[in-house]
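Chemist: Take a look at the following structure, please.
The values are calculated or read from the model by the stated rules, or taken from the named source; none is laboratory data. Everything quoted here is computed from the prediction, not taken from an experiment. When we count neighbours, we look across all protein chains shown, and the Cβ atoms used for this are built from the backbone with ideal geometry, even at glycine. Note: accessible area is taken over every heavy atom of the protein model, side chains too, but ligands, DNA and RNA are not part of it. Shrake-Rupley method; radii C 1.70, N 1.55, O 1.52, S 1.80 Å.
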Amino acid sequence: MQQSEQWRMYARQHEELWINFIENAVGRAGMTELLGANGLTKHEFVDELKDLE
């Protein structure tokens, strides 16, 4: 397997792990409405986190 393909495979696995992590964290926080939200900007996401405090 070429190195470029190894990096693509790593990137796919990394993305999947982060998606699973975030879905679990959002579920534990009781904010499951965020799971269906599309296209949150970074600023909107930060605002949502600030509202948790």
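Chemist: Within the bounds of segment 1-21, is there any residue that is open to solvent by less than 60 Å² (accessible area, probe 1.4 Å), of a type in the set (A, V, I, L, M) and in contact with a Leu (Cβ under 8 Å, 6 or more places away or on another chain)?
Modeler: Taking every residue of segment 1-21 in turn, none turns out to be open to solvent by less than 60 Å² (accessible area, probe 1.4 Å), of a type in the set (A, V, I, L, M) and in contact with a Leu (Cβ under 8 Å, 6 or more places away or on another chain).
Chemist: Hey, any hits in segment 43-52 for a residue that's part of a loop (DSSP other than H, G, I, E, B), open to solvent by 90 Å² or more (accessible area, probe 1.4 Å) and of a type outside the set (S, T, N, Q)?
Modeler: Yes, segment 43-52 contains a residue that is part of a loop (DSSP other than H, G, I, E, B), open to solvent by 90 Å² or more (accessible area, probe 1.4 Å) and of a type outside the set (S, T, N, Q).
Chemist: Take segment 26-42 and flag every residue that is surrounded by fewer than 11 Cβ atoms within 10 Å (Cβ to Cβ) and hydrophobic (A, V, I, L, M, F, W, C).
Modeler: 35
Chemist: State whether the residues of segment 35-42 include one that is at pLDDT 90 or above, part of a helix (DSSP H, G or I) and at negative phi. Show your work before the answer.
Modeler: Within segment 35-42, the subset at pLDDT 90 or above is none.
Looking for residues that are at pLDDT 90 or above, part of a helix (DSSP H, G or I) and at negative phi, one finds none in segment 35-42, hence no.
Chemist: Another one. Filter segment 17-34 down to the residues that are hydrophobic (A, V, I, L, M, F, W, C) and part of a helix (DSSP H, G or I), then identify the one that is nearest to residue 48 (Cα to Cα). Don't jump to the end; show me each part of the working.
Modeler: Looking only at segment 17-34, we keep the residues that are hydrophobic (A, V, I, L, M, F, W, C), and these are 17-19, 21-22, 25-26, 29, 31, 34.
Still in the list and also part of a helix (DSSP H, G or I): 17-19, 21-22, 25-26, 34.
Numbers: 17: 22, 18: 18, 19: 18, 21: 17, 22: 14, 25: 14, 26: 11, 34: 9 Å.
The selected residue is 34.
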